[in-house]
Amino acid sequence: MARKKAAGTRLNACRIVDLPKIMDERGNLTFIEGGNHLPFDIKRVYYLYDVPGGATRGGHAHRNLEQFLIAAMGSFDVILDDGFESQRFHLNRSYYGLYIPSMIWREMSNFSSGSVCLTLASKPYDESDYIRDHHVFKELVNPEAP
Ligand code: TYD
């Protein structure tokens, strides 16, 4: 018998969004509209850059925050985990975004040299929204796991 999933576990809600691309011989342009290409209004933007080779970022989940990640430059991997299963996404185009709802554990690794991870977020920064202990996360989303 399949194990019942706890409410809020939803790796299948994570998805790659193919963003509009205006091709031009002077260079391409991509735009993102909160509430249109994303299911949330954008309250905060931040970006990771100068990531040293071999470094891992993330390593947490958010209780309420939704995020949208774009490899604005270069490439990196994002491993998403809903407490039941995990999936690796490779972001390597500036016109693809990865939507991450709340209560998904994420880790970013394999950053290429010069890469930039642009992140759009649904709320201002709030440390109390973070779950930084994977055991705590697992207990919340999949309490029956060994
Ligand atoms: P963190 O979210 O853990 O980084 P990542 O998940 O990208 O590896 O944030 C790293 C540090 O930066 C931490 O001390 C909190 C701080 N920070 C802010 O002050 N404001 C922000 O908007 C973000 C995203 C982080």
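The values are calculated or read from the model by the stated rules, or taken from the named source; none is laboratory data. The structure displayed is predicted, hence computed values, not measured ones. Note: ideal-geometry Cβ built from the backbone for every residue, glycine included; neighbour counts use all protein chains shown. Ligands, DNA and RNA are stripped out before the accessible areas are found, and what is left, the full protein with its side chains, is counted by its heavy atoms. Shrake-Rupley method; radii C 1.70, N 1.55, O 1.52, S 1.80 Å.
Using the Stokes-Einstein relation with a Kirkwood hydrodynamic radius computed over Cα pairs, the translational diffusion coefficient of the stretch 57-146 at 37 °C and a viscosity of 0.692 mPa s comes to 242 µm²/s. Peptide packing: for 114-127, 91-104, the average count of neighbouring Cβ atoms within 10 Å per residue gives the ranking 91-104, 114-127, highest mean first.
Suppose every K and R has +1 on its Cβ and every D and E has -1 on its Cβ; what is the size of the dipole of the chain about the Cα centre, in Debye to the nearest 20?
Values: 17 positive and 18 negative charges, 48 e Å.
Approximately 240 debye in magnitude.
Taking each residue as 0.36 nm, the span from Lys123 to Arg93 lengthens on full extension beyond its C-alpha to C-alpha distance by 8.3 nm. Nonpolar atom fraction for the stretch 31-146, defined as the carbon and sulfur part of the 1.4 Å probe accessible area, stands at 47 percent. Taking the helices alone, the chain has a mean residue ellipticity at 222 nm of -1500 deg cm²/dmol, built from -39,500 (n - 2.57) per DSSP H run of at least 4 residues and averaged over all its residues. Looking at the chain, the accessible area is 58 square angstrom per residue; that uses a 1.4 Å probe and ignores ligands, DNA and RNA. Between Val17 and Arg44, the distance separating the two model label sites (each 7 Å from Cα on the Cα→Cβ line) works out to 1.8 nm. Considering all C-alpha pairs of the stretch 1-127, those separated by over 26 Å amount to 21%. Toward the positive end of the charge dipole of the chain, with +1 on the Cβ of Lys and Arg and -1 on the Cβ of Asp and Glu, the farthest Cα among Leu11, Leu80, Gly35 is that of Leu11.
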